Amino acid sequence: MMRIEVLYFDGCPNHEAFLPHLRDLVGETGAAAEVVEVRVDSPADADRKRFLGSPTVRVDGRDVDPGAGDRTDYGLKCRLYATAQGLRGTPPDDWVRAALAPAGDAGGG
């Protein structure tokens, strides 16, 4: 089963609003996945968890943002995603679907 982590910190509302939508995307893809919320408590915790802001969405440990691996600006902040439609507070659906695709390929869903 795939593990989807939604990293967040108290004080940024974007992760709570995104969770139902994320579960809908998982359902659409047919991926067998567990969605887990991971709270980040401090700047040291943010560094340790490589937390780029709330929400950070990872599928099996890999950030859904294709450019996240090059970043080191960890901290307790609301995350903004640079998309073709401009800055957004949540990752684009296409990124989430792409991250879920490897597990769904064999199932054809």
Normalised by the number of residues in the chain, what is the relative contact order in percent for Cα pairs under 8 Å and 6+ residues apart?
33 percent
Relative to the longest principal axis of the chain, what angle (0 to 90°, nearest 10) does the C-alpha long axis of helix 14-29 take?
20 degrees
Can you run phi through the Karplus equation (6.51, -1.76, 1.60; θ = phi - 60°) for the range 59-71 and list ³J(HN,Hα) in whole Hz, with x for Gly and Pro?
10, 6, x, 9, 4, 6, 7, x, x, 5, x, 8, 9
By how many degrees, 0 to 90 and rounded to 10, does the Cα axis of helix 93-104 deviate from the longest principal axis of the chain?
50 degrees
Considering only protein heavy atoms, with the full assembly of protein chains and a 1.4 angstrom probe, order 58, 39 by accessible area, largest first.
39, 58
Can you pull the percent of the chain's accessible area that's carbon plus sulfur, 1.4 Å probe, other chains left in place?
49 percent
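If packing is taken as the mean number of other Cβ atoms within 10 Å per residue, what is the order of 7-16, 41-50, highest first?
Working: 7-16: 17.5, 41-50: 13.7.
Output ranking for 7-16, 41-50: 7-16, 41-50.
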In debye to the nearest 20, the charge dipole size for the chain, taken about the Cα centre with +1 at each Lys and Arg Cβ and -1 at each Asp and Glu Cβ, equals 180 debye
Can you report the principal axis dimensions of the range 1-44 using only the alpha carbons, biggest first, rounded to whole angstrom?
35, 21, 8
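Once the cut-off is 17 Å, how many percent of the Cα-Cα pairs in the range 1-100 end up in the long-distance tail?
On the way: 2309 of 4950 pairs.
Roughly 47 percent, once rounded to a whole number.
Across every pair of different alpha-carbon atoms, what Kirkwood hydrodynamic radius in Å does the range 38-96 reach?
Values: mean 1/r = 0.0848 Å⁻¹.
The Cα-based Kirkwood calculation yields 11.8 Å.
The values are calculated or read from the model by the stated rules, or taken from the named source; none is laboratory data. Source: prediction; values computed, not measured. When we count neighbours, we look across all protein chains shown, and the Cβ atoms used for this are built from the backbone with ideal geometry, even at glycine. In case anyone asks, the SASA skips ligands and DNA or RNA and just uses the protein heavy atoms, side chains included. Shrake-Rupley method; radii C 1.70, N 1.55, O 1.52, S 1.80 Å.
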